[in-house]
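Report on the following structure.
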Amino acid sequence: MKQRLANFMAGRYGNDSLSRFLIFAALVPLVVSLLIGGAAGGSLGTVLWVIAFAIIIYSNYRTFSRDIQRRAAENSRFLELKSRFFRFFKKRREQFRQRRDYKFFRCPGCKATMRVPRNRGKIQIRCSRCGNAFIRKT
C-alpha cells in the first residue's frame with residue numbers, strides 16, 4: 001500500500017506550507033457553517049460550506065499537481081507574505097518592549113524608523129539612511 005502511494009505521488013508536488021495553511025483556513029468557514037446549521041441551515045451556512053470545500057479542493061489540487069515550478073512559486077509568494085506579516089508584528093512587539101527607554105521616530109524624508117533615548121529634551125535627529133536632520137522632543 002505504501003509503495004502504491006509512493007508511486008502515485010512520484011512527480012507530484014506534495015504537501016507544503018500553503019497547502020497546510022489552506023486546510024486550516026478551510027476549517028474556519030466549515031466550523032462556522034456547522035454552528036449555524038450546516039448546509040441545510042440556510043443560505044449563509046451553504047455559502048460557507050461551499051467556500052470551505054472549495055478551499056479544500058484547491059489545496060488537494062496543489063498537493064497532487066504535476067506543475068512543480070508553479071506550485072513552488074505560489075508557496076514562495078505565500079511564505080514571503082507570511083514573513084512580512086509576522087515581521088510587522090515582531091517589530092511592533094520589540095518597540096513596545098523598549099518604549100520605556102527609547103522613543104521611535106520616522107524620518108520625514110525616507111520613512112525609516114529610528115530609535116532615540118527618552119528624556120533628552122528637544123534633540124536633532126539625523127537619519128542614518130538618507131542624512132535628513134529633523135528636531136523632535138524625546
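The values are calculated or read from the model by the stated rules, or taken from the named source; none is laboratory data. As the structure is a computational prediction, the values presented were derived from the model and not from experiment. Every residue, glycine among them, receives a Cβ derived from its backbone with ideal geometry; neighbour counts consider all protein chains shown.
Has the stretch 19-29 got at least one residue that is modelled with pLDDT of 80 or more, in a helix (DSSP H, G or I) and more than 19 Å from the chain's Cα centre (by Cα)?
no
Does the stretch 42-65 include one or more residues that are outside any loop (DSSP other than H, G, I, E, B), under 30 Å from GLY121 (Cα atoms) and outside the structural domain of LYS137 (by TED's automatic domain parsing)? Steps first, answer last, please.
At the first step, the residues of the stretch 42-65 found to be outside any loop (DSSP other than H, G, I, E, B) are 43-64.
Filter once more, keeping what is under 30 Å from GLY121 (Cα atoms): none.
There is no residue in the stretch 42-65 that is outside any loop (DSSP other than H, G, I, E, B), under 30 Å from GLY121 (Cα atoms) and outside the structural domain of LYS137 (by TED's automatic domain parsing).
Could you list all residues from the stretch 30-41 that are assigned to a helix (DSSP H, G or I) and surrounded by fewer than 17 Cβ atoms within 10 Å (Cβ to Cβ)? Step through it out loud before you land on a result.
Let us first name the residues in the stretch 30-41 that are assigned to a helix (DSSP H, G or I), namely 30-35, 38-40.
VAL31, VAL32, LEU34, LEU35, GLY38, ALA39, ALA40, listed by residue number.
Taking the stated definitions as given, is LYS122 more than 27 Å from the chain's Cα centre (by Cα) and among the charged types (D, E, K, R)? Reasoning before the result, please.
Numbers: more than 27 Å from the chain's Cα centre (by Cα): yes; among the charged types (D, E, K, R): yes.
Against the criterion (more than 27 Å from the chain's Cα centre (by Cα) and among the charged types (D, E, K, R)), LYS122 qualifies.
List the number of the failed condition for SER59; all other conditions in (1) more than 30 Å from ALA72 (Cβ to Cβ); (2) surrounded by 13 or more Cβ atoms within 10 Å (Cβ to Cβ); (3) polar (S, T, N, Q) hold.
In the conditions (1) more than 30 Å from ALA72 (Cβ to Cβ); (2) surrounded by 13 or more Cβ atoms within 10 Å (Cβ to Cβ); (3) polar (S, T, N, Q), SER59 misses (1) alone.
Sort out which residues of the stretch 66-115 are closer than 30 Å to ASN7 by Cα and either in a helix (DSSP H, G or I) or modelled with pLDDT of 95 or more (or both), and write them in order of number. Show your work before the answer.
Restricting attention to the stretch 66-115, the residues satisfying the condition of being closer than 30 Å to ASN7 by Cα are 66-79.
Passing the criteria: ILE68, GLN69, ARG70, ARG71, ALA72, ALA73, GLU74, ASN75, SER76, ARG77, PHE78, LEU79.
Whether any residue in the stretch 107-119 is under 19 Å from THR138 (Cα atoms) and loosely packed, with under 10 Cβ neighbours inside 10 Å is what I want to check.
Within the stretch 107-119, one or more residues are under 19 Å from THR138 (Cα atoms) and loosely packed, with under 10 Cβ neighbours inside 10 Å.
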